[in-house]
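Following: one structure in structure tokens, then a few remarks.
The values are calculated or read from the model by the stated rules, or taken from the named source; none is laboratory data. In this text, all values refer to a predicted model and were calculated from it rather than measured experimentally. Counting neighbours? That spans all protein chains shown, and the Cβs are built from the backbone with ideal geometry, glycine included.
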Amino acid sequence: MLDSALRPMKDRLFGPLVASPFGRVDPIVLSALSLGTALGAAVAAWQGAIALSVALWLLSRVADGLDGAVARHQGTATDLGGVIDIVFDTIGYAAIPIGIAAGLDTRAGWIVVAVLLATFYVNAVSWTYVAALLEKRGSAGSVTSVTMPRGLVEGTETIVFFTLALAIPAAAVWVFGVMAVAVAVTVAERMWWARGVLR
């Protein structure tokens, strides 16, 4: 919901980094750093290292925000880079809830994470298929590799939900429960939008 509104702010924040020698780093290395730190955050959550898990998760999101910006700055943005970015993000988005559930190791924790991941699965189908159809119709247009139809839960909201769950594991079941409902609403929202556009 907030991604498009916050993109100009993100570009301003990352601008100095992208223009510095750091901006010469291979974007794939940044994508790999994003994945590695997300997986590290999941392991830290499993082991109960709360501060470390939050720090690694936020570092992961910074690296994820930089890879595309650096690629565009270098003029090296490719469709392959976009695929790698989204696949690595998806692995991280699955790992964080699993790591938190493993740390809690309660029936309620595992159930709510299973439900959350199920909503992620359906959500991924909803936006990727719509994005493919928009590309097919020639109506896509985005600074990212593909056009992602807007929804209630996007990248920004995912960062907030996951950060809360990592920082307050005792509240993770409730955080993930609310997130699962919000993701389900996002799917319904996109389906309603597609009903009027994809005819």
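Could we say that S53 is buried (at least 21 other Cβ atoms within 10 Å of the Cβ), in contact (Cβ under 8 Å) with a residue 60 or more places away in the chain and assigned to a helix (DSSP H, G or I) here? Lay out the reasoning, then the answer.
Working: buried (at least 21 other Cβ atoms within 10 Å of the Cβ): yes; in contact (Cβ under 8 Å) with a residue 60 or more places away in the chain: yes; assigned to a helix (DSSP H, G or I): yes.
Against the criterion (buried (at least 21 other Cβ atoms within 10 Å of the Cβ), in contact (Cβ under 8 Å) with a residue 60 or more places away in the chain and assigned to a helix (DSSP H, G or I)), S53 qualifies.
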(request) Could you tell me whether A167 is over 18 Å from the mean Cα position of the chain (by Cα) and in contact (Cβ under 8 Å) with a residue 60 or more places away in the chain? (result) no
(request) Could you list, in sequence order, all residues of segment 16-56 that are closer than 18 Å to A94 by Cβ and modelled with pLDDT under 85? (result) none
(message) Name the residue that is farthest from F162 (Cα to Cα), counting only residues in segment 57-87 that are surrounded by 22 or more Cβ atoms within 10 Å (Cβ to Cβ) and at pLDDT 95 or above.
(response) S60
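Do you know which of the residues in segment 145-162 that are more than 18 Å from W193 (Cβ to Cβ) and of a type outside the set (A, V, I, L, M, F, W, C) is modelled with the lowest pLDDT?
It comes out as S145.
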(message) Every residue in segment 66-114 that is more than 26 Å from W46 (Cβ to Cβ) and assigned to a loop (DSSP other than H, G, I, E, B), please.
(response) G75, T76, A77, T78
(request) Could you give me the residue pairs with C-beta distances under 8 Å whose first residue belongs to segment 114-131 and is farther than 15 Å from V185 by Cβ and of a type in the set (G, A, S), whose second residue is outside any helix (DSSP H, G or I) and modelled with pLDDT under 95 wherever it lies, and which are 6+ apart or on separate chains? (result) A131/A140; A131/V146; A131/T147; A131/M148; A131/P149
